[in-house]
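Let me begin by presenting the structure, written as structure tokens, before commenting on it.
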Amino acid sequence: MSDNRPPVLTIDGPGGAGKGTISRLAAERLGWHYLDSGALYRLLGLSAVEQNIPVDDEAALCDLALALQIRFGAGHDESVYLEEREVSRLIRSEQAGTMASKVAALPGVRAALLDRQRRFRQEPGLVADGRDMGTVVFNDAAHKIFLTASAEERAERRYKQLIAKGIDAKIGDLLADIQARDERDSQRAVAPLRPADDAVVIDTTALSIEQVIEKVMDICRI
């Protein structure tokens, strides 16, 4: 790819490591576009459930991935639209997350969504948040970061998020779900969850949001 293409900062890592929060802050500070790649898989998972498409029907899921009408809010607007219906709360459910992880393991689905993700690369730059942004989707990115944290810390964060939104949750169930998702994402045959060879790994377990974003900004200034 040509060096004059818009720059990309990739932020990968497992669920609950802080990718979404840090990616949005980085995009805001840099004045760049933002891609929540995980939301694409969650949207596909949600649509598949609503249309009663089984997770093992790869052909139907691929067709659905190509046809989805998706729109994200701009700036501080975290709204997500599926077929012009606001679904940001629905796609953050544990069911949608589990379904997203399952459909993301299908090679055909990943291929169907690959070009759609790459089209987010526009001037003046892009912050791409996901699990394979630095290894596959934008493997030529100038800056690559892999955020991680202990499974226990990630379960605690998720628990606090859900309770704050008035959603009932059990931390034991959340921990088991995170561990199962980590295993599924890291062991899948296509684009497994792992740091890119040239990524900077940041363990966020004991760090504040501000400490993490400062580390990210320092890396972008290199």
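The values are calculated or read from the model by the stated rules, or taken from the named source; none is laboratory data. Quick caveat, the model's predicted, so the values are computed rather than measured. Glycine gets a Cβ as well: all are built from the backbone with ideal geometry, and neighbour counts include every protein chain shown. Just the protein is used for accessible areas: all its heavy atoms, side chains included, with ligands, DNA and RNA removed. Shrake-Rupley method; radii C 1.70, N 1.55, O 1.52, S 1.80 Å.
With a 1.4 Å probe and every protein chain kept in, tell me what percent of the accessible surface of the stretch 2-118 is carbon plus sulfur. Mind showing how you got there, number by number?
Working: 2640 of 5230 Å².
In the stretch 2-118, the share of accessible area belonging to carbon and sulfur is 51 percent.
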Report summary line: In order over the stretch 17-31: 3J(HN,Hα) from phi, Karplus 6.51/-1.76/1.60, θ = phi - 60°, whole Hz, x for each Gly or Pro, gives 7, x, 4, x, 4, 5, 5, 5, 5, 5, 4, 5, 5, 7, x
Query raised in the report: Hey, if you put +1 on the Cβ of every Lys and Arg and -1 on every Asp and Glu Cβ in the stretch 90-153, which of 138, 108, 122 ends up farthest toward the positive end of that dipole?
Result: 108
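Give the Kirkwood hydrodynamic radius (Å, one decimal) of the chain, defined as one over the mean of 1/r across all pairs of different Cα atoms.
Details: mean 1/r = 0.0566 Å⁻¹.
Over the chain, the inverse of the mean reciprocal pair distance is 17.7 Å.
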Report summary line: Between residue 200 and residues 5 or more places away or on another chain, the pairs with built amide H atoms under 5 Å apart involve 144, 145, 146
Report task. Could you pull out every one of the lysines with an alpha carbon less than 23 Å from that of residue 170, ignoring same-chain neighbours closer than 8 positions? Result -> 19, 102, 160
Query raised in the report: For the stretch 170-180, what does the Karplus curve 6.51 cos²θ - 1.76 cosθ + 1.60, with θ = phi - 60°, yield as ³J(HN,Hα) per residue in whole Hz, taken in order and with x for Gly and Pro?
Result: 10, 4, x, 5, 5, 5, 5, 5, 4, 5, 5
Report summary line: Rounded to the nearest 5, the percent of DSSP beta bridges in the chain running antiparallel is 25
Report summary line: Check: C-alpha center the stretch 167-222 vs C-alpha center the stretch 1-65, spacing in Å is 14
Requested in this report: Answer rounded, prolate or oblate for the stretch 98-161, using the Cα gyration tensor with square roots of eigenvalues a ≥ b ≥ c: rounded when a/c is under 1.5, else prolate when a/b is larger than b/c, else oblate.
Outcome: oblate
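Beyond 27 Å, what share of the Cα-Cα pairs of the stretch 66-193 remains, rounded to the nearest whole percent? Walk me through the numbers on the way to the answer.
Details: 2044 of 8128 pairs.
Of the Cα pairs, 25 percent sit more than 27 Å apart.
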Query - Dipole-positive endmost among 35, 64, 54 within the stretch 13-82 (Cβ charges, Cα centre) - result: 35
Report task. Would you work out if the stretch 1-111 is rounded, prolate or oblate? Take a ≥ b ≥ c from the square roots of the eigenvalues of the alpha-carbon gyration tensor; rounded if a/c is under 1.5, else prolate when a/b is larger than b/c, oblate otherwise. Result -> prolate
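Classify the stretch 140-222 as rounded, prolate or oblate, taking a ≥ b ≥ c as the square roots of the eigenvalues of its Cα gyration tensor: rounded when a/c is under 1.5, otherwise prolate if a/b is larger than b/c and oblate if not.
Working: a/c = 2.80, a/b = 1.37, b/c = 2.05.
In terms of gyration-tensor shape, oblate.
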Query raised in the report: Anyone know which of 19, 144, 160 comes out most mobile in the 10 Å Cα GNM of the chain?
Result: 160
Query - Within straight-line cross-link reach of residue 215, aspartates and glutamates at Cα separation under 19 Å, skipping those fewer than 8 residues along the same chain - result: 12, 28, 129, 197, 198, 203
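Would you work out the charge dipole size for the stretch 93-148 about its Cα centre, treating the Cβ of every Lys and Arg as +1 and the Cβ of every Asp and Glu as -1, and quote it to the nearest 20 debye? The partial results should precede the final answer.
Values: 8 positive and 6 negative charges, 26 e Å.
Around 120 debye, computed over the stretch 93-148.
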**Report entry** Extension gain from residue 209 to residue 56, taking 0.36 nm per residue of separation minus the Cα-Cα distance
**Finding:** 51.3 nm
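222 nm [θ] for the chain, helices only, -39500 (n - 2.57) per DSSP H run of 4+, per residue, to 500?
Numbers: 8 runs with 102 residues, N = 222.
Value at 222 nm, helices only, nearest 500: -14500 deg cm²/dmol.
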Query raised in the report: Excluding ligands, DNA and RNA, what is the solvent-accessible area per residue of the stretch 33-188 at a probe of 1.4 Å, expressed in Å²?
Result: 47
Report summary line: The answer for residue 125, listing residues at least 5 apart or on another chain whose modeled amide H is closer than 5 Å to its amide H, is 33
